[in-house]
1. Would you pick out the residues in segment 253-266 that are farther than 15 Å from L233 by Cβ and in a strand (DSSP E or B)?
2. Consider P93 carefully, then state whether it is open to solvent by 30 Å² or more (accessible area, probe 1.4 Å), within 44 Å of the chain's Cα centre (by Cα) and farther than 16 Å from I48 by Cα.
3. Can you find, within segment 267-278, the residue that is most open to solvent (accessible area, probe 1.4 Å) among those that are closer than 20 Å to D232 by Cα and in a loop (DSSP other than H, G, I, E, B)?
4. If the requirement is being in a strand (DSSP E or B) and modelled with pLDDT of 85 or more, which of these qualifies: D115, D119, D92?
5. Quick check on my filter: what residues within segment 281-322 are of a type in the set (A, V, I, L, M) and under 39 Å from the mean Cα position of the chain (by Cα)?
6. Taking segment 197-214, which residues are surrounded by 14 or more Cβ atoms within 10 Å (Cβ to Cβ) and at pLDDT 85 or above?
7. Name, by its number, the condition in (1) surrounded by 12 or more Cβ atoms within 10 Å (Cβ to Cβ); (2) not charged (D, E, K, R); (3) not in a strand (DSSP E or B) that does not hold for N299.
8. Tell me, please, whether a residue that is more than 24 Å from E288 (Cβ to Cβ), open to solvent by 60 Å² or more (accessible area, probe 1.4 Å) and assigned to a strand (DSSP E or B) can be found in segment 219-233.
Amino acid sequence: CDPLPPCDCMVTSNFDFVCVPDSNKYRLTFDVTNLSPIAPAATGLQIIVKNTSSPTITLPPTGGFIDWTTNPLGQNMTRTVSTCVDPFPIADPDLILGYILHHSVNTPFDTCCFDIPCDTIPIPPCDPCDNCLVNQDFTVNKNYPNYTFTSTTTSSPNCFIFYTDWYQQTPYNYLNSGPSITTTLTSNPPFGIITVCQVVYYASNDGVECIDTLCKVVEGGIIWNDCDPVIDLGGTVLPSGIIKAGDRIISGGIVPINEEVILQAGEIITLDNNFSTSDGSDLDIKIEECIDIPCWDLNQNGLCDPLEDTNADGLCDYQDCP
């Protein structure tokens, strides 16, 4: 025998390894091309599992032997073979296979292609919902107070999407349904960040229904920093505490019931026609130079001292401002 490099006596290709959860097994299908000069009319193929960490893997119903006695596989010819794979599920990440070509009913074997581990094949997912969604994501377009959320999620050829829902977290607020929606958001606190979630309802071709959720943090309302030159609060609900601008504050919003709001600017405060205060609320307007020190930092040491954490939530923020 003029030895060939490992597995050059045959070529395997076009692997299709799938999970069949209804039958509690896997199905492996692939093509074999006979290149052997020793078995130019191969009478059989023995598929051998080479996974050392999972010795219980078997290939029913024939133990991995493919009988070609009545129809030998000629040299340079290709044939599709198929076998089941047990057990279910398989813990190993891959299935490792070796092969033996036969050139009589059982023996002798082609000694140039004898029990060589040739192929490492990833174990397929067994959850019919896995790998259904492609490019799972959505875009956010902010034109305050409106937000447009557009799903970029698509399905693989083996699945299809029913519909998409949208909701806001903390506080929970159902927004709408559809691949793209335009809506307003309710933030808590009114200014800050909001988590918005896309819920995709889809199914695999075998009828298994699936749900997948993707959430993103987006800016809710208007974001500003103390002593920004101009703070335009728009028409939204004002947060309790102090809002400080270097030069100017513009607002057309509302002071909530029983809340105290302090507007402080270095030069001018403009309240639009739509601005209003609620029963029991308190609005204080100050024209003062803006010093970039948090309103809760009474001793101006930059630390969140226990006495400054007035609501004892472990965090010093505008809710602790006097």
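The values are calculated or read from the model by the stated rules, or taken from the named source; none is laboratory data. Because the structure is a prediction, the values reported are computed rather than measured. Every residue, glycine among them, receives a Cβ derived from its backbone with ideal geometry; neighbour counts consider all protein chains shown. When the accessible area is computed, the model is the full protein with side chains, heavy atoms only, and any ligands, DNA or RNA have been set aside. Shrake-Rupley method; radii C 1.70, N 1.55, O 1.52, S 1.80 Å.
1. The one that is farther than 15 Å from L233 by Cβ and in a strand (DSSP E or B): E260.
2. yes
3. Going through the qualifying residues, I end up with N273.
4. D119
5. Within segment 281-322, L303, A312, L315 meet the criteria.
6. C197, Q198, V199, V200, Y201, Y202, A203, C210, D212, L214
7. Of (1) surrounded by 12 or more Cβ atoms within 10 Å (Cβ to Cβ); (2) not charged (D, E, K, R); (3) not in a strand (DSSP E or B), only one is false for N299: (1).
8. Yes, segment 219-233 has at least one match.
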